[in-house]
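Here's the structure, in structure tokens; my notes come after.
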Amino acid sequence: MLKNIIYTHDSVYAYADSCVEERAKEYLESSDDITKTSNDLFILAIRTLVMEGVFPRENVCIHYQGEAIHITEDGSLDHYPKGFCDDEEKLYARLFAQKRLLDEGKSSKDITKIS
């Protein structure tokens, strides 16, 4: 059975990070063929479980804004559309930019939000 995972920024499903892998495994073992998520860790858990042989990678397809994304033999994704699973990366970029400014001797008054 083909498992279709729809990655969206407005998913109604929420679960704690500590149980993401459990939820991913439950989905792969279920009879459901479609699920929606906005959780980057859920995608990572799916990729990891596929690489561990829990489910064939050929039977998993991730969808984002009309694009199909597939898991490759080495567990990576065949491409990353703009906006896909990048919220953490954006936050880290802002955090490190602010830290760099502090390291350069700027005061907290001189630091503004970096987008």
Quiz item: Assuming Ser108 fulfils every condition listed in (1) surrounded by 11 or more Cβ atoms within 10 Å (Cβ to Cβ); (2) at pLDDT below 95 apart from one, which condition is it?
Solution: (1)
Quiz item: Within segment 58-68, how many residues turn out to be in contact (Cβ under 8 Å) with a residue 12 or more places away in the chain and either within 19 Å of Pro81 (Cβ to Cβ) or in a loop (DSSP other than H, G, I, E, B) (or both)?
Solution: 7
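Could you check segment 1-47 and list, in sequence order, the residues that are charged (D, E, K, R) and touching an Asp or Glu at 6+ places or on another chain (Cβ under 7 Å)?
Correct list: Lys3, Asp40.
Is it fair to say Ala93 is on the phi < 0 side of the Ramachandran plot, under 12 Å from the mean Cα position of the chain (by Cα), surrounded by 13 or more Cβ atoms within 10 Å (Cβ to Cβ) and aliphatic (A, V, I, L, M)?
Spelling it out, it is not the case that Ala93 is on the phi < 0 side of the Ramachandran plot, under 12 Å from the mean Cα position of the chain (by Cα), surrounded by 13 or more Cβ atoms within 10 Å (Cβ to Cβ) and aliphatic (A, V, I, L, M).
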Quiz prompt | Filter result (farther than 12 Å from Val60 by Cβ, in contact with a helix residue (DSSP H, G or I) (Cβ under 8 Å, 6 or more places away or on another chain) and in a strand (DSSP E or B)) within segment 1-27 | solution = Tyr7
Exercise. Look at Ile62 and say whether it is closer than 24 Å to Tyr15 by Cβ and touching a helix residue (DSSP H, G or I) at 6+ places or on another chain (Cβ under 6 Å).
Key: no
Quiz item: What is the residue count in segment 28-40 for residues that are surrounded by fewer than 19 Cβ atoms within 10 Å (Cβ to Cβ) and in a helix (DSSP H, G or I)?
Solution: 2
Quiz item: Out of (1) closer than 17 Å to His79 by Cα; (2) surrounded by 16 or more Cβ atoms within 10 Å (Cβ to Cβ), what's the single condition that is false for Gly66?
Solution: (2)
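The values are calculated or read from the model by the stated rules, or taken from the named source; none is laboratory data. None of the values given here were measured: they were computed from a predicted structure. Cβ sites come from the backbone with ideal geometry, for glycine too, and all protein chains shown count toward neighbours.
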